[in-house]
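Okay, structure first, notes after.
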Amino acid sequence: MTRMTCTTRITMAAALLGAALWSVPAQAGVKGWLNWRGPAQNGTSSEKNLPATWTPGGENHLWDIDLPGRGTVVIADRDGKQTAYAWGYERQGADLREVLTAIDPGSGKRLWSLHFNDFMSDITYDRYSIGAPVIDPETGNIYLRTTPGDVVCVSPEGQQLWMVSLMERFGGLTFPNGRTGSPVVDGDLVITRAVTSYWGADGPARDRFLAFNKATGDLVWSSTPGVGDPFLKDSSFSTPYLTWAGDKRVFYVGLGCGNLVGVNARTGEPIWRHQMALGGINVSPVIFEETIIATHGMENIDASTAGRMIAYRLGAAPEAGGEAPVVVGFEREVWRNPTTMFTSSPTLVGDRVYQCTQVGELACVNAKTGEILWTEKLAPSQLHASPLYADGKLYVPMENGLFYILRPSDTGAEVLAKVQLEGHGLGSPSVYDGKIFVHTTEKLYCFGSQRNVSGAEERVIEQYVRKTPGKATRLSIVPVDVLLQPGEAAFLSVRSLDESGHLVKELPGSGVTWSSFIPPTARVRSEVDAKVSAGGEIRAGSAVSAGAIKAESRDLLKLSGTMRARVLPAMPLEEDFEGFAIDQSGGAAEGPFAYPPLPWIGARLKWEIRELEGNKVLVKTLDSVLFQRAMSFIGHPDASGYTMEADVMTDGNRRIMSNVGLINQRYIIALIGNWQILEVSSNHDRIKVSVPFPWQANKWYRLKTRVDVASDGSGVVRAKAWERGAPEPEAWTIEVPHEHAHTHGAPGLFGYSPQSRMSVYVDNVVVRAND
């Protein structure tokens, strides 16, 4: 497996971007079941002659393989050659890894596999692969989002083409439930989402969408269509529904903050939002005529009850947009009913909606009126899996492992088959060319026929094609966000867009002027130490910095657009915080403070620099429970082979202390206060090794760590701790082997304050290459 670095991706952008960003083939070269919800984006297929019965190992059974998973198999068909791609996980404990596997659909033979480590997430109970890959209909490339937040592009032959770490690059947060969902491909964009805490205006934790150029991995836009506290309580894996609203390419989706939103898919501009719930909406919406239908299982915004299915009128929805969406209320509501579901999405067949509920029922709803026509009890409960409809039948996995084949009508559902599968049925089924694929937490099953005499499914999601543009109204710069080290360069491309976001023309370097830009609303007025040449090359200076850069066209229109850049130091890196002016007020605690370095990821709302006993030190904030577990990255995501050390301390007493530590190459090395140990972890359910280390609250200690990776991919994490001022011990306090070691990762700082009660302190940080 190869890994393309951020630097390489940026350099390649100059060669690839002009040809790839906006050109879309008239007809897709790859057909099949290319995404989680299928060709119609609503869990349906037009295939015929599909089985009405199935006995695992018997009638209509084609094959099964041992591969735990919780997602949906996708299938690519290029000129009759078919490949299925399954997203699952293998092994247990420290050796558990997520795996993308290519499979021959006819035989079940594995063609190739790529493995991905979990790292620094808080996933529990093996909640992995809760999502699905997506296949690009133009190239056949596969895109996926790993559970800890890597966005990966893989060729049909199994070569990793690029990878972006949402956690280390954009401050992505993880949650114990592990729900990551599926990216979507639209034209030359691959769009994914995460709750992030980045820098500047993107510092507050929000459920955000990020659109990457599918060829290069460069960020084209990011979008924040929702809100934060007190509504943002969780992640969401609601998958965007792509369509057209007039001349705009848009998507509709639910958010972790309880909003249903519409977003311009070309630019990321929020169009409108509707606050449905006090918490996350995980269900993906469907579109029926001029309405959007969505379901949720959280507390309603306008009542003390939990859960609801609602139809919302799209045709009358406002088309305004910009930096903030138009907020609309229940005046657009067409109907509602009490159907409740937390994570399973509805399937739309004509004017009938089939929705699994949290209590294990299948409900049939009239899409025109919202009337519940019938319910059928199938299991004690349901989680994640959504029904598949094809050939007049519903294929429905249930959480307890039961699998149903049903024939629905307006009066009920006839049970054609009911089988017990191994494991829990959390993955939604998919179908292609006569074969139905079902993934459980134990096995991947395939049943049906070797070939479908009715012909394979031909449709794909209506693809983005370039519209005849209107008048140019703005500039778009790609990449819209750049990370550089001193002296490093990247190339920027500039295009003019019309009001709807369609390309008008590409601008030559001579047609643009560049200047530093400070947004009027910026709380911290900062400029990045980087210059852009007339040819569009941005080159970093030597200062650690972050800021925005503005491009303005030289013609009479004077169109403009902005991008953001960060400059992070190369090794060695040293920071004692003494150079910061303690001149800010109104922070998370009383008294003056300074903000931490702006280019540090996720640091502004998690840490403050304050005076302590005559020194300036970094102090963890305590005002947000979302940030009680704080990870902030101070170096490049591609860094490797380095030693890191710092002075650390926590508040506390004999009964309660916080945890404090360092992040080295995707490992957390921390002093755990309540347990009095020195611990090495990456995910607490995977890699978690400790040794006793008595230490006290309100006393400084020195913490030091390094990671060594061998040529066979194995590695050892080493760490030592001692009281500050005492001689450094010669021996390492702890050494932890890892069979499949993390080969790279940004250096960072870690603090955990249970219930945000006791603070954490860091000082005198040093990062240098291993001796």
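The values are calculated or read from the model by the stated rules, or taken from the named source; none is laboratory data. Remember, it's a predicted structure, so these values are computed and weren't measured experimentally. Neighbour counts are summed over all protein chains in view; Cβ atoms, including those assigned to glycine, are modelled from backbone coordinates with ideal geometry. Accessible surface areas use protein heavy atoms only, side chains included; no ligands, DNA or RNA. Shrake-Rupley method; radii C 1.70, N 1.55, O 1.52, S 1.80 Å.
In table form, for the structure just shown:
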{"item": "Area of Asp498 that stays accessible when all protein chains are in place (1.4 Å probe, Å², to 10)", "result": "10 Å²"}
{"item": "Global size of the range 523-567 as Cα Rg and Dmax, reported in angstrom", "result": "11.9, 36"}
{"item": "Local electrostatic count at Ala630 - Lys and Arg +1, Asp and Glu -1, tallied over other residues with Cβ under 9 Å", "result": "+3"}
{"item": "Highest-first arrangement of 426-435, 581-590, where packing means the average Cβ count within 10 Å", "result": "426-435, 581-590"}
{"item": "Dipole magnitude of the chain, debye to nearest 20 (Cβ charges: Lys/Arg +1, Asp/Glu -1, about Cα centre)", "result": "620 debye"}
{"item": "Percentage relative contact order, the range 531-605, counting C-alpha pairs under 8 Å, at least six apart", "result": "23 percent"}
{"item": "With Cα atoms, 0 to 90° folded angle of helix 6-20 axis to the chain main axis", "result": "40 degrees"}
{"item": "Binned Cα-Cα distances of the range 471-512, short to long, each 5 Å bin given as a whole percent", "result": "5, 22, 25, 20, 13, 8, 5, 1"}
{"item": "The range 316-404, relative contact order [Cα under 8 Å, separation at least 6], %", "result": "21 percent"}
{"item": "Neighbour cut-off at most 12 other Cβ (10 Å), DSSP loop, chymotrypsin sites (Phe, Trp or Tyr not before Pro), the range 114-200", "result": "Tyr125"}
{"item": "Two-decimal ratio, the range 555-636, of alpha-carbon radius of gyration to 2.2 N^0.38 Å", "result": "1.39"}
{"item": "For Lys48, solvent-accessible area (1.4 Å; no DNA, RNA or ligand), Å²", "result": "110 Å²"}
{"item": "Accessible area, probe 1.4 Å, largest first, for residues Arg78, Arg70, Arg451", "result": "Arg451, Arg78, Arg70"}
{"item": "Per residue accessible area of the chain, 1.4 Å probe, in Å²", "result": "35 Å²"}
{"item": "Candidate residues Glu527, Glu157: accessible-area rank, largest first, probe 1.4 Å", "result": "Glu157, Glu527"}
{"item": "Total charge dipole magnitude, the range 653-771, about the Cα centre, Cβ charges on Lys, Arg, Asp, Glu only, Debye to nearest 20", "result": "540 debye"}
{"item": "Exposure of Arg407 as accessible area (Å², to 10), given a probe of 1.4 Å and all protein chains", "result": "100 Å²"}
{"item": "Residue-wise HN-Hα coupling along the range 502-507, computed from phi with Karplus coefficients 6.51, -1.76, 1.60 (Hz; x: Gly, Pro)", "result": "7, 5, 9, 6, 8, 9"}
{"item": "Highest to lowest packing among 380-387, 189-196, 107-114, scored as the average C-beta count within 10 Å", "result": "189-196, 380-387, 107-114"}
{"item": "Reciprocal of mean inverse Cα separation for the range 149-215 (Kirkwood radius, Å)", "result": "12.8 Å"}
{"item": "Protection-proxy order for peptides 688-696, 651-659, 339-347, each taking the mean of Cβ atoms within 10 Å per residue, highest first", "result": "339-347, 651-659, 688-696"}
{"item": "Relative contact order %, the chain, counting alpha carbon pairs below 8 Å whose residues are six or more apart", "result": "11 percent"}
{"item": "q = 0.18 Å⁻¹, the range 222-312: log10 I(q)/I(0) [Debye, one scatterer per Cα]", "result": "-0.73"}
{"item": "Computed [θ] at 222 nm, deg cm²/dmol, the chain (DSSP H ≥ 4; -39,500 (n - 2.57); rounded to nearest 500)", "result": "-1000 deg cm²/dmol"}
